[in-house]
Each structure stands twice: as C-alpha cells, then as structure tokens.
Amino acid sequence: MEKEYHEGMLAGEHLAASCVGTAEGTIAEDTTATESKRIVRYQDSDGNIHYGIIEGETIFQLANEFAEIAAGTCSYEGTEVALGDVKILIPVEPSKIVNFGWTFAGHAKETGGTANLKEPFLFLKPQSALIADKETICLPPIDLTNKVELEGEVALVIGKSGRNIPEEEALSYVFGYTVFNDVTARDLTKTDPQFTRGKGFDTFGPIGPWVVTGIDPTHLRIVTTLNEKVVQDGNTSEMSLSIPFLISWVSKIMTLEPGDVLALGSPSGTCPMKSGDVVTVEVENIGKLTNYVK
Ligand code: MG
C-alpha cells in the first residue's frame, strides 16, 4: 500500500482523499484511509510556508491549505525536501486551544485538583502561547512567576467543523494527534481565581513537531524528560474521561473548527523548569517535542 502511494506521488498525481482517514464520504472507497500519515507544516529555504507529508526523512510538499488537507485532499506537485533542511513550524493555526485539566487522577492529586471528575475541567490558551519543536520556552520575569512547570500531553487536532457532536461520532471529527506541553505557572494557577494568566504566557504552548493521522488515541504512552531524566511516564489509557466524551462535551459549548487543538491533559510528574533546561515530551506513535528553557 505504501508503495502504491509512493508511486502515485512520484508521478505527480493528485492524491485526492488519501491524506486523511476521517474525511466524510471518502472512507468506504479509499483503501489508504486508515493508513497513518505524518503531516508537517514548515518553512523552506526561500521562506515559504507549506504543508507536507513525511516519509522517512523526506517531506513531500503539498499544494494545499490545512482546511483542504483536513477535508481529504492532498495535492502533490513534485517537490521533495529533506526534513533536516527546513524549519518546522507549529503544525496548525487553531482558532482556539482547548485544554482539559485533571483528566489523570495522579496529576489532579499532585496539583491540588479534583480527581475522577464527572464533568471536564476546561480552560483555554491563547494562540500567542504556541511555539514549535526546538523553539524556546521563555520564563517570565521572576516578579510575575517563580514556578514554571512542564506538563507533557497528547493533543488532538480537529478536522471538520462541528457543534453538538454526538459522542459516538466524535472521533470522526479528529484530523490527527500531536504532542503538547501545557507549560504552567503553578504559583499563579494556585492563587488566581481562574487559569488564564498561569497558562497563557507567550511560549507556554509548545506543540508538534507534526500531526499524525489514523492512530488509536486510547493507548498512547507519554514520556516526558527534563535534561534527559524521565519525570513523567503515563498513558492515555489512564484518563478518567474518554476522548469522545471530551470532544462531544466541549462541542456543546463552542463550535469546533478545523485546526482547533484540544489538549487532553497531563499524567503525574509535573515539575519546575529553570533556565538552561531541555524538556522533551515523547508520545508513542506520534513523535518527540523538544524545547529549550530560557
Ligand atoms: Mg495540562
């Protein structure tokens, strides 16, 4: 199957409906629909921004905007670039970054939250918080916060617009999955009446490096290292609320748009970071998100 896909790309064919497994109306006929793909957003050496499909160490450049890719159209026009020769950017430009807190009981307990919630604990981050793989988390001045912590998470990316989404259809609204670090000023989230300030500083939303489609999100191991020492080791199978429930629940509050990010919550092991640290969140079947702290 991968060979057929490759030959098609090299022949410059338009690979309609081959880049995503969730596009409406394409699944029954498209035998590649459940194949997992890595979709990256990047800047080439001329400064132009593109999406592409990664195969090995090669990016096959696409002519499409995110909404087209999410709707199932990937048009390859013959340009390949080496993954190592481009600047990887944040993988999507969401209208909102929805965050679920305390979805893991261990993390709820260690931060003074509520474990085993019946309803999700919800907050938003601004788009200005997002940074890409290999970019730097900038610690705010010490008079604003002196306790900035990591939270390694899986995030999902919405593929099609939806409101009041039934739980049983929720996963069909997902384009794919990526890695997220819900950087948190813990002193502020403990004292402020809500989370906006403690979660919302610029650079407090590392995301990427790419989005992976066609994987099962329910059993993904999450391992976070701080200066190569393991500090978090959890699995999405330990979440106290299911992913379809979270999508359905939040869609009753706000319309979900293509590219929107839903960060699914952190396992236990959150800890402070200091200038000079290197933090890596690795999620099984997705990849590694590495950021520097300054
Ligand atoms: Mg979190």
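Of note:
- Within the chain, helix-based [θ] at 222 nm, where runs of 4 or more DSSP H residues each add -39,500 (n - 2.57), nearest 500: -3500 deg cm²/dmol
- Packing order of peptides 249-255, 201-207, highest average first: 201-207, 249-255 (average count of other Cβ atoms within 10 Å over each peptide's residues).
- Kirkwood analysis of the chain, using all unique Cα-Cα pairs, places the hydrodynamic radius at 19.3 Å.
- Local charge for Asp216 was computed over the other residues whose Cβ lies under 14 Å away, with Lys and Arg +1 and Asp and Glu -1, and equals -1.
- With K and R counted +1 and D and E -1, the other residues having a Cβ less than 15 Å from that of Ala108 yield a net charge of -3.
- Spacing of the modelled spin labels on Asn116 and Val230, each 7 Å from Cα toward Cβ, amounts to 2.7 nm.
- For the stretch 97-293, share of DSSP beta bridges that run antiparallel, in % to the nearest 5: 85
- When His50, His219, His107 are sorted by how many other C-beta atoms sit within 10 angstrom of their C-beta, beginning with the fewest, the order is His219, His50, His107.
- Normalising the average separation of contacting C-alpha pairs (under 8 angstrom, six or more residues apart) by the number of residues puts the relative contact order of the chain at 23 percent.
- For the cross-link pairs Lys199/Lys252; Lys87/Lys190; Lys134/Lys229; Lys160/Lys199; Lys96/Lys229; Lys118/Lys229, the ones whose C-alpha atoms lie over 28 Å apart are Lys87/Lys190; Lys96/Lys229; Lys118/Lys229.
- Anisotropy class assigned to the stretch 164-203 is prolate, per the alpha carbon gyration tensor with a/c at or over the 1.5 cut-off and a/b larger than b/c.
- Trypsin sites (Lys or Arg not before Pro) lying in DSSP loop within the stretch 39-123, provided at most 12 other Cβ fall within 10 Å: Lys118
- Here the simple spin-label model places points 7 Å from the Cα toward Cβ, and for Asn164 and Ser36 these points are separated by 3.6 nm.
Every number in this text was worked out from the coordinates using simple rules, so none of it is lab data. Remember, predicted model here, so these are calculated numbers, not experimental data. Note: ideal-geometry Cβ built from the backbone for every residue, glycine included; neighbour counts use all protein chains shown.
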